[in-house]
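Read the structure below first, then the notes.
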Amino acid sequence: MMGDTVAVIINAGAGLGYCADWSAQLRGKFAAHGMAPDITLAQGGAEMIAAAEAAVRRGAPMVVAGGGDGTVNAVASVLVGTDIPYGVLPLGTLNHFAKDLKIPLELDAAIANLARGRPRKVDVGEVNGRIFLNNSSLGLYPDIVRDRERQQRRLGRGKWLAFSWAALSALRRYPFLSVRLSVNGEAHARRTPFVFIGNNEYLMQGFNIGERARLDGGTLSLYVAQRPSRLGLARLAWHALTGRLAQQRDFDVVLASELAVDTRHKRIRVATDGEVTVMQTPLEYRLRTGALTVMVPS
């Protein structure tokens with residue numbers, strides 16, 4: 001990749017103060033590793049996707065995304081199914097995808113990884129045509145995210161304060177979801193506050209905070225929360241917030257390459273890598289094995 005012009009797409013809509021001076025500094029950091037970046041400061045998901053599509057059309061030797069997991073997901077959605085190497089600059093808050101692939105979180109080291117790392121094929125999850133690199137969930141978590149965003153927009157609350165209030169509000173509503181699961185040829189009916197589908201197997205440590213030993217294991221992991229009582233729900237939330245969720249104690253766990261989730265609702269809110277959209281049911285999940293080529297440390 002030395003000397004080649006790589007497409008670099010930065011989420012500039014996150015309010016982190018990116019500007020022309022910052023772009024010049026970034027260009028210098030790439031140049032120090034013999035790489036020439038074509039930098040796009042995108043203001044939202046649509047601009048990121050358009051920039052990635054343009055890079056693919058012109059035959060960019062590498063496409064790089066700078067931002068959080070939502071940004072990484074948006075750009076990856078264009079590269080899935082191609083052999084174009086994908087570079088990640090973890091500029092977000094949580095950076096689950098980068099952490100699980102051991103991609104350095106410090107900017108200079110992440111850029112060095114683009115020059116000196118190796119391409120690795122990883123699996124991608126998909127639900128009703130929408131990809132996820134980390135996980136997808138139904139029930140409590142999408143409801144909390146929607147309420148959090150409403151509070152941020154209407155009340156001007158910070159992300160984590162709004163999340164805390166949204167979580168408390170959700171617990172007061174005592175929300176449960178009746179789902180019909182079709183997994184590995186078997187049907188299961190459950191009433192649960194929370195359904196979580198991971199791209200490969202998670203070590204659960206929170207509603208969507210956990211680690212994966214690998215992203216090329218060729219499996220989806222399905223976690224269905226147990227204990228459908230108000231006390232059980234409060235206990236589940238407490239374990240999630242304190243990072244003490246456990247597969248055996250708090251969840252039924254099944255591994256599968258594809259599965260379906262149906263409800264009595266024709267449309268339902270679904271979270272994919274932290275972004276919430278409304279989808280028609282049934283939800284058809286599948287794993288796209290080795291569908292994304294990512295630059296990881298050698």
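Observations
- Charge tally in the Cβ shell below 14 Å around SER77, where Lys, Arg are +1 and Asp, Glu are -1, SER77 excluded: -4
- Calculated FRET value between ARG191 and GLN25, using beta carbons and R₀ = 41 Å, to 0.05: 0.15
- Peptides 49-59, 94-104, 64-74 ranked from most to least packed give 64-74, 94-104, 49-59, packing being the mean of other C-beta atoms within 10 angstrom over each peptide's residues.
- FRET E, pair LEU203, GLU275, Förster distance 22 Å, beta-carbon r, rounded to 0.05: 0.45
- Region 42-118, relative contact order in percent, only Cα pairs under 8 angstrom and at least six apart counted: 26 percent
- When the residues THR263, THR281 are ordered by accessible surface, computed with a 1.4 Å probe over the protein chains alone, the sequence from largest down reads THR281, THR263.
The values are calculated or read from the model by the stated rules, or taken from the named source; none is laboratory data. This one's a predicted model, so the numbers in the text were calculated from it and none came from an experiment. All Cβ positions, even for glycine, are placed from backbone atoms using ideal geometry, and neighbour counts span all protein chains on display. SASA here: full protein model, heavy atoms, side chains in, ligands and nucleic acids out. Shrake-Rupley method; radii C 1.70, N 1.55, O 1.52, S 1.80 Å.
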